[in-house]
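Chemist: One structure, pasted below without further comment.
What follows draws every value from the coordinates through simple rules; no lab data is involved. Everything quoted here is computed from the prediction, not taken from an experiment. Glycine also receives a Cβ, built like all others from the backbone with ideal geometry; neighbour counts cover every protein chain displayed.
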Amino acid sequence: MFFELIGTIVAGVAAALLVWALNRSLKGRLPSWLVPVSAGAAMLLATISSEYSWFARAQSNMPEGFVVAETVEEKKFYRPWTFARPFVSRFIAIDQATIRSHPAHPEQRIVDLVIYGRWARTAKIPALFDCAMHSRADLVDGVEFGDDGQVLNADWHPMEADAPLLRAACFEV
């Protein structure tokens, strides 16, 4: 975030210096308001570019075995350009390398969900997916496993059969 701020300031200063140098070479023929307007426009364009490129940068830095399962796009009134093209502000990835299941219940999978946010820390949440029943349960305090691998005290949430999270967690089933 700090480097993006520095980049935005550098873009504004560079644009202002470029217009100032152009005005000097034209012996002051450009209007005086053009220097601050060009600096502001460059800073705005740098910010917009950074917002729209964040998802691709974050995705390219993910470890091997991570698959993006779901994205959240945002539209904000104070960012009117997002109504034309929303940007991805956060997404959920599944670490497919760490998917675990019990031999007695192969349709149930324990999966690490990794939540990435544009202005937030990355969070890792273990979740349990039942691929046959199309449901998900968060592995929180109180959830236990029986001797046969049966899940006890889980709060199951039904999901659509074609839900992206469910498809990514149950990719082999």
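Chemist: Okay, helix-only estimate at 222 nm for the chain: each DSSP H run of n ≥ 4 adds -39500 (n - 2.57), divide by all residues, round to 500 deg cm²/dmol; what do you get?
Modeler: Helix-only estimate at 222 nm: -11500 deg cm²/dmol.
Chemist: Run the dipole for the chain about the Cα centre, Lys and Arg Cβ at +1, Asp and Glu Cβ at -1, nothing else charged, and hand back the magnitude in debye, nearest 20.
Modeler: That gives a dipole near 1840 debye.
Chemist: State the Cα centre-to-centre distance between segment 16-54 and segment 89-154 in whole Å.
Modeler: For segment 16-54 versus segment 89-154, the Cα centre distance is 49 Å.
Chemist: Also, quick follow-up: What residue among ALA104, PRO126, ALA84 has its Cα farthest toward the positive end of the dipole of segment 83-173, where the charges are +1 on Lys, Arg and -1 on Asp, Glu, each on the Cβ?
Modeler: Result: ALA84.
Chemist: Can I ask one more? Per residue of segment 102-116, what does 6.51 cos²θ - 1.76 cosθ + 1.60 with θ = phi - 60° give for ³J(HN,Hα)? Whole Hz please, x for Gly and Pro, Karplus curve as stated.
Modeler: Listing the rounded values in order: 8, x, 7, 9, x, 7, 9, 10, 8, 10, 8, 8, 10, 9, 9 Hz.
Chemist: Projected onto the charge dipole of the chain (+1 at Lys/Arg Cβ, -1 at Asp/Glu Cβ, origin at the Cα centre), which of LEU18, MET159, TYR116 gives the Cα projection farthest towards the positive end?
Modeler: So the residue furthest toward the plus end is LEU18.
Chemist: Give a residue-ordered list of calculated ³J(HN,Hα) values for segment 28-34 (Karplus: 6.51 cos²θ - 1.76 cosθ + 1.60, θ = phi - 60°; whole Hz; x for Gly, Pro).
Modeler: Rounded to whole hertz, the list is x, 7, 7, x, 5, 6, 5.
Chemist: Let me ask you something else. Suppose every Lys and Arg Cβ carries +1 and every Asp and Glu Cβ carries -1, with no other charges. What dipole size does segment 88-169 come out with about its Cα centre, to the nearest 20 debye?
Modeler: My answer is approximately 580 debye.
Chemist: Using the per-residue mean of other Cβ atoms lying within 10 Å as a proxy for protection, in what order, highest first, do the peptides 143-152, 5-14 fall?
Modeler: So the order, starting with the most tightly packed, is 5-14, 143-152.
Chemist: Mind listing the phi-derived Karplus ³J(HN,Hα) values for segment 39-52, rounded to whole Hz, using 6.51, -1.76 and 1.60 with θ = phi - 60°, and x for any glycine or proline?
Modeler: Going residue by residue, I get 5, x, 5, 5, 5, 5, 5, 5, 5, 4, 4, 5, 5, 6 Hz, with x marking Gly and Pro.
Chemist: Another question, then. For a quick check: with amide H placed at 1.01 Å from N, whose amide H comes under 5 Å from PHE87's, ignoring anything fewer than 5 positions away on the same chain?
Modeler: Those lying under 5 Å, H to H, from PHE87 are GLU74.
Chemist: Just flag the GluC sites (Glu not before Pro) in segment 1-107 sitting in loop per DSSP whose Cβ has no more than 11 other Cβ atoms within 10 Å.
Modeler: GLU64
Chemist: What relative contact order, as a whole-number percentage, does segment 60-173 give when Cα pairs under 8 Å and 6 or more residues apart are counted?
Modeler: 20 percent
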